[in-house]
Amino acid sequence: MVASERISGEYDLAIVGGGIVGLATAVRMLARDDRTRLVVLEAEADVGRHQSGHNSGVLHSGVYYRPGSLKATTCRTGKAMMEAFCAEHGVPTDICGKVVVATSAGELEALDRIEGRAVANGVECERIDSDRLRALEPAVAGIAALHVPVTGIVDYRQVCFAMRAVIERAGGRVITRARVDRIQLANDELRIGFGHGELRAARMVNCAGLHSDRILRLAGGSPSAKIIPFRGEYYDLVPSSHSLCRNLIYPVPDPAFPFLGVHFTRMIGGGVECGPNAVLALAREGYRWRDLSPRDLAETLAFGGFRKLAWRHWRMGWGEVWRSASKAAFVTALQRLIPAIRASDLQPGRSGVRAQAVSPAGDLIDDFVIDRTPHAIHVLNAPSPAATASLAIGEHVVDQLGQCQDDTDYD
Ligand SMILES: Cc1cc2nc3c(=O)[nH]c(=O)nc-3n(C[C@H](O)[C@H](O)[C@H](O)COP(=O)(O)OP(=O)(O)OC[C@H]3O[C@@H](n4cnc5c(N)ncnc54)[C@H](O)[C@@H]3O)c2cc1C
């Protein structure tokens, strides 16, 4: 169903955004009550075109996240739900395990902290020495590592297609090429407009990813944070060098920065990706340097939170830009984990743009953020591991919709 036809209608629930979080929310809603008149409105020609189709494809186990945070709880339960969903709907997964590698004595304390978090989050893992590490990943130079056997890989784009099929079989509608551009609350219902189309819905869930703050604003709210797009660029190992990485190899992350550092990821469809870095994207869908939106860039630069963040992390920021411009610098970063890697082992790969909420104080908001306006719930910040956690996030959102029958408590 596309929005070129004039579309109208009346729904119990409209979900804005056909990425994995919006689709998973629809799946969970229909699982709870299949009489729900539900519609998903997606701006693009198909589902899963942005973050959900441009990620590393890792089924995260929940090692890194602050115990008790929404990330920690939904990642664990969401991963189990995702594995069950994939098994039921024929989407291949591979629980291949990963290693988080300390390459110097200076990283051992941080590795201890990660291990402590993994244990607190109930994630199966084991501290291993360099011999065990070499047996698992012969090309990696590390003095110690955390082995997490329960981490896996999947193709989240395929998951999105499977979710769309489940929604449509259960009577839900997915309308593509429907970019929501107006939302009005009138007579106790929302009028949601997209180009020539308009429909009415009793409730709305905003899962618009890179545009979640704008949808929140259209719904009359004032977002507590702004979405800043950060591009992650990858190289691929050339086929003759695939043996350098057997599964998933990560560095010990910098606690000041939520991105996980350049790593090696075996993809479920074949091949190994190396990266990503993290550079400011010049458009919300800025997959290349030449993708520039004057509106998006002007909004980013005018936002005080971004300027504070840039001031605080300018050194790291320039390092990331340098790695984007210089393959040699990218190779040097990768050599920390695999010293034998050479520029000739790498060919340019894909990129993805992360929707990262930044507070007015200039902090990268780490946890998932869910906000409300009358008759609506907004998934404002859903960065990694939100693909893994999507079904649990959906469940959480559906709970919140159920708890708030009386919308007066949204105000
Ligand atoms: C480089 C990278 C690597 C990652 N690796 C992993 C990983 O390995 N594992 C993991 O769990 N997570 C990973 N993530 C995070 C994960 O991909 C995201 O958290 C997740 O896909 C977010 O899903 P979403 O549905 O919120 O957003 P999206 O997939 O971006 O979906 C939002 C949708 O809303 C639509 N939309 C926007 N505005 C409108 C509008 N006005 N009207 C209608 N529709 C609209 C968009 O077109 C889009 O389809 C990674 C992310 C990136 C960028």
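Every number here is computed from the coordinates shown, using simple stated rules; none is lab data. The structure presented is a predicted model; accordingly, all values stated were derived computationally and were not measured. As a convention, Cβ positions derive from the backbone with ideal geometry for all residues, glycine included, and neighbour counts pool all protein chains shown.
Across region 228-360, C-alpha contacts under 8 Å between residues 6 or more apart give a mean separation that, scaled by the residue count, equals a relative contact order of 38 percent. Around residue 60, what is the net charge, scoring Lys/Arg as +1 and Asp/Glu as -1 over all other residues with Cβ under 10 Å from its Cβ? So the environment of residue 60 carries a net charge of +4. Of the trypsin sites (Lys or Arg not before Pro) found in region 7-76, those that fall in a DSSP loop while having at most 14 other beta-carbon atoms within 10 Å are 35. Whole-Hz ³J(HN,Hα) for each residue in region 59-65, computed from phi via Karplus 6.51 cos²θ - 1.76 cosθ + 1.60 with θ = phi - 60°, x for glycine and proline: what do you get? The phi angles translate into 8, 5, 8, x, 5, 8, 8 Hz. Within region 199-283, the proportion of Cα pairs with more than 20 Å between them is 56 percent. If you average the C-alpha positions of region 51-114 and of region 312-376 separately, how far apart do those two centres end up, in angstrom? Region 51-114 and region 312-376 have Cα centres spaced 18 Å from each other.
Of all trypsin sites (Lys or Arg not before Pro) in region 342-396, which ones are in loop regions per DSSP and have a Cβ with at most 14 other Cβ atoms within 10 Å?
Values: sites: 342, 350, 354, 372; in loops: 342.
Answer by residue number: 342.
Here the dipole of region 228-360 is about 200 debye; that uses its Cα centre as origin and unit charges on the Cβ of Lys and Arg (positive) and Asp and Glu (negative).
Residues of region 224-252 with an amide N closer than 16 Å to a point placed 7 Å from the Cα of residue 342 along the Cα-to-Cβ direction: 237-244.
Counted residue by residue at 0.36 nm each, then reduced by the alpha carbon distance between them, the extension gain from residue 45 to residue 292 reaches 86.8 nm.
Inter-label distance, residue 321 to residue 94: 3.8 nm, where each label sits 7 Å from its Cα along the C-beta direction. When DSSP beta bridges are limited to those with both residues in the chain, what percentage is antiparallel, rounded to the nearest 5? Of the beta bridges lying entirely in the chain, close to 70 percent run antiparallel. For the pair residue 308 and residue 113, a Förster radius of 45 Å applied to the C-beta separation gives a FRET efficiency near 0.95, rounded to the nearest 0.05.
Of 322, 106, 239, which is farthest on the positive side of the dipole of the chain, counting Cα position, with +1 on Lys and Arg Cβ, -1 on Asp and Glu Cβ, and the Cα centre as origin? Of the listed residues, the answer is 322.
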